[in-house]
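First comes the structure, then the notes that go with it.
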Amino acid sequence: MSRRRQIYEGKAKILYEGPEPGTIIQYFKDDATAFNAEKTGTINGKGVINNRISEHVFTRLSHIGIPTHFIRRLNMREQLVRQVEIIPIEVVVRNVAAGSICKRLGLEEGEPLPYTLIEYYFKDDALGDPLIAEEHIACFNWASHEEMHDISSMAIRINDFMCGMFAGIDIRLVDFKLEFGRLYDGDYSRVILADEISPDGCRLWDMKSGEKLDKDRFRRDLGGEEEAYREVARRLGLLQDDDNGPGEVLDLSSHRSRLRGTPPTKK
Ligand code: UDP
């Protein structure tokens, strides 16, 4: 039994007070939600995989000079992070049309965008995280002009880095969501990358087959979400092949074939 103080429970994570002032422990749950929590479920082992994937991505991002809240992974489901004041904006970066932008603008899923788009959503579950313009952010003082400058330039650098990282393992980075927070040092504060980066908040498509390797498998009842998350971790080199279970080779072909109406491929 843990006597740590719980600070907050979100949809996919629980935050606990960390061992030192200014630190927090992020616990990754297996719970999955979609459509503003209208759909709920569990993806077995998701918390363990997302903890590892997020550690990997945040560590690599810090190597290219992106300041992040990540300190270190503590165990299978927990990581130690710096406590920040979360900026109430979800930053979505899009390379290819998918999800809400298709509905909003009548685009076809999979259409490459003429150039990378950055969108901002107001982080408010009760309002369903509405799309906002930079004018709203300035008008309601959710972030300063300087902070937005830092956020947008970090988002572009993160996208460039992650597109390359995923392309190297045959995955197309379609879109993803970022959150940033303020780290205070006396009166002065700077913006750093916070939250997590995992298949929960990214659209990741297999470069060759187009297979979805992210939370859309859960959102759209495609099945195979556990395997998809594991596949991303495996390709990133975070899982040994035999971590897939005794003698089991990761195979999404049955899901693929169901999607396409063709029989599963023989191994
Ligand atoms: N996203 C997220 N949390 C949210 C909304 C979106 O992580 O509350 C991610 C989502 O996984 C996708 C990207 O941001 O990779 C763009 O999502 P979109 O606006 O298309 O919304 P959705 O189709 O997920 O409702």
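I'd like to compare 132-138, 222-228: which one has the highest average count of other Cβ atoms within 10 Å, and what's the full order after that? Working shown, then result.
On the way: 132-138: 14.0, 222-228: 20.3.
Per-residue mean Cβ counts within 10 Å order the peptides as 222-228, 132-138.
So if I take the centroid of the Cα atoms in the range 179-241 and the same for the range 61-126, what is the distance between those two points in Å?
9
Where does the charge balance sit around GLU146 when Lys and Arg score +1, Asp and Glu -1, over other residues with C-beta under 15 Å from its C-beta? Spell out each step's value before the answer.
Details: positive: ARG182, ARG190; negative: GLU134, GLU147, ASP150, ASP187.
Around GLU146, the surrounding residues sum to -2.
Once you list every other residue whose beta carbon is under 15 Å from the beta carbon of LYS11, what net charge do they have if Lys and Arg are +1 and Asp and Glu are -1?
Values: positive: LYS13, LYS29, LYS39, LYS46, LYS123, LYS177, LYS215, ARG219; negative: GLU9, ASP30, ASP31, GLU38, GLU90, ASP124, ASP125, ASP129, GLU179, ASP195, GLU196, ASP200.
Spelling it out: positives minus negatives among the neighbours equals -4.
Please check: in the Gaussian network model of the chain (C-alpha springs, under 10 Å), which one of PRO19, PRO199, PRO67 has the largest mean-square fluctuation.
Largest GNM mean-square fluctuation: PRO19.
Within 9 Å, Cβ to Cβ, of PHE180, how many net charges do the neighbouring residues add up to if Lys/Arg are +1 and Asp/Glu are -1?
Details: positive: ARG182; negative: GLU147, ASP150, GLU179, ASP195.
Taking every Cβ under 9 Å from that of PHE180, the sum is -3.
Okay, helix-only estimate at 222 nm for the chain: each DSSP H run of n ≥ 4 adds -39500 (n - 2.57), divide by all residues, round to 500 deg cm²/dmol; what do you get?
Values: 7 runs with 76 residues, N = 267.
About -8500 deg cm²/dmol.
Against the longest alpha carbon principal axis of the chain, how many degrees, from 0 to 90 and to the nearest 10, is the axis of helix 46-63 turned?
With rounding to tens, the tilt is 60 degrees.
Over all distinct Cα pairs, what is the inverse of the mean 1/r for the chain, reported as the Kirkwood hydrodynamic radius in Å?
Values: mean 1/r = 0.0513 Å⁻¹.
Result for the chain stands at 19.5 Å.
With an 8 Å cut-off on Cα pairs and a minimum separation of 6 or more residues, tell me the relative contact order of the chain in percent.
Working: 456 pairs, mean separation 40.4, N = 267.
Relative CO of the chain lands at 15 percent.
Can you list residues whose amide H is under 5 Å from MET207's amide H, if they're 5+ apart or on another chain and H is modeled 1.01 Å from N?
ILE171, ARG172
Every number here is computed from the coordinates shown, using simple stated rules; none is lab data. Please read these numbers as outputs of a predicted model, since none were measured by experiment. Reconstructed Cβ throughout: ideal geometry from the backbone, glycine too, with neighbour counts over all protein chains shown.
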